[in-house]
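The values are calculated or read from the model by the stated rules, or taken from the named source; none is laboratory data. Remember, it's a predicted structure, so these values are computed and weren't measured experimentally. Methodologically, a virtual Cβ is constructed for each residue, glycine included, from the backbone with ideal geometry; neighbour enumeration extends over all protein chains shown.
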Amino acid sequence: MMAFWIAAALLTAGVLLALLRPLMVARKAEAGGSPEVDIYKDQLAEIERDVARGLLTDDQAAAARTEVSRRLLAADARAKSAPAAPAMPAKPSRKLATALMAAVPLLAMGIYLRLGSPDLPGQPAGARTDQTAGVQAQAVLKTLLTRVTENPRDLEAWKALATAQGMTGQNDKAAASWAKAVDLAPDDANLQASRAEALVLSADGVVGPEAKQALAKALALNPKEPRARYYDGLAVRQAGDLKGAITRWSALLSESPADAPWVPFLRGQLGETATEAGMDPAAVTPQPLPPAGPPAGPPVGPALNATAPGPTADDIAAASTLSSGDRNAMIQGMVQRLADRLKTQPDDAEGWSRLARAYRVLGQNDKAAEAEANAKRYGGGTAGAPAGAVPPGMPDPATMTPEQRSATVKSLLAQFQAAAEKEPDKPEGWARLAQAYEATGDVAKTREAWAKAVAAAPDDAEINLAYARVLLPADGGHPPPAFFTALRVVLKSSPNNPQALWYLGLDAVEGGRKAEAKDLWGRLLPLLPEGSDDRKELEGRLKALGS
């Protein structure tokens, strides 16, 4: 604060010095002369300076001198024939200067003390943005608190409140809200796992006795609940049983879809624990299951553009930040992709449940009822949440205003960003941030986050494949060099990856490296179904290379 007042005093003194100098210094009375004559004299001097700098030729300077001299003579004649003006007093006005020197600072200070806020800390633009998002998040919390106060048996309201509290870092309050939800539905494994997770987060990652009890209940209700299995392994590790943690996490990884959001993080945990236990990380890190997303489809071109399996509540909430037309296109596209996948994989009960929820949000109740019937037919979605599914308790977008949805998304993104920047060497934080940005449709920030994930884990095939996918231009244009660099990492780890084989083959053809292209596409050919259009196209390309 003292620095502010010193700076203000120096600035005030500088301004007063400039303004009051004419009043403090005696002026010599001018004996005649004319401002017009002075102007023309200055112009003549300026012409001489331009000649010296080489800006005017001799001819140009002579013409300019003639014209200015003519005007100077005319102005001088007018000045001599005009009546003399009364002379201005040459004495300095020290009283006026003293009065102004006292009045200006006092007046400025009075206005500032009345209208300003001297104790308000500085707020950069980023801080003001965060404050706005925080105000919006608090509005969401206030609305949800009102709901549970008015109806303490509103299970969905408790779930939404707990999730919102967790998103704003209030993990202790989130744990208490999850406990209320558990009281209303004690046989729900997801709620038990959510409560356990909040308890662990509120204890700075320590799995305490209360969290262990919640985990035991969750696993008793659903032994496949992924969060409960992870935190159960964490509890075992914290107890000093490294091999027990490795056993639990290896089993979880082997039963997780490859595109599950926890897979990169789980790999890292397994690697660290195995190294600490003196074991080979590769020996205890199994391959996950095939992705839970839509079938890979033809590896030629569109395969790398495969997206996540349908919309989650996060996706729909994120869509609220887009324009009306873009938002509708985004949601409709995700819903259609999920519906198309379920036509080929109809036994996915949870997928049908998610499709039903999406249709409800869109107001397509007939389709929602049909999807709900299919969900019941194939098991009612009692299995653990699949990859990409929204965590239990995510606020239902249908019950939130656009402002609440926007605040929720901004709060979530801010948390992911802060977590990633806090541990920039851990790729899972950047991967989670990239997935969140991708759900909002922000391509630039998605690519930026994946690039940082790659920088943190340059040899990770899955992260490089995800980075390559978002680098592929949607308009079919030529990919950037980073796209091919990422795919080379993928190919090194997975020599039969069809996307890497196809696109690196294209790159080799464009670079004139026919032998390399023939090798890559020759390895790809057996991977394509007999008689498929993609195989026929590739056969034609290989034939052209051989001619």
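For the reader, a short list of remarks on this structure follows.
- Candidate set from region 453-469 (those that are surrounded by fewer than 21 Cβ atoms within 10 Å (Cβ to Cβ) and within 19 Å of the chain's Cα centre (by Cα)); member that is farthest from L504 (Cα to Cα): A456
- Just one residue in the set A214, A218, A176 is over 27 Å from the mean Cα position of the chain (by Cα) and under 25 Å from T143 (Cα atoms); that residue is A176.
- Some residue of region 519-542 being under 22 Å from P261 (Cβ atoms), surrounded by 15 or more Cβ atoms within 10 Å (Cβ to Cβ) and at pLDDT below 90: no
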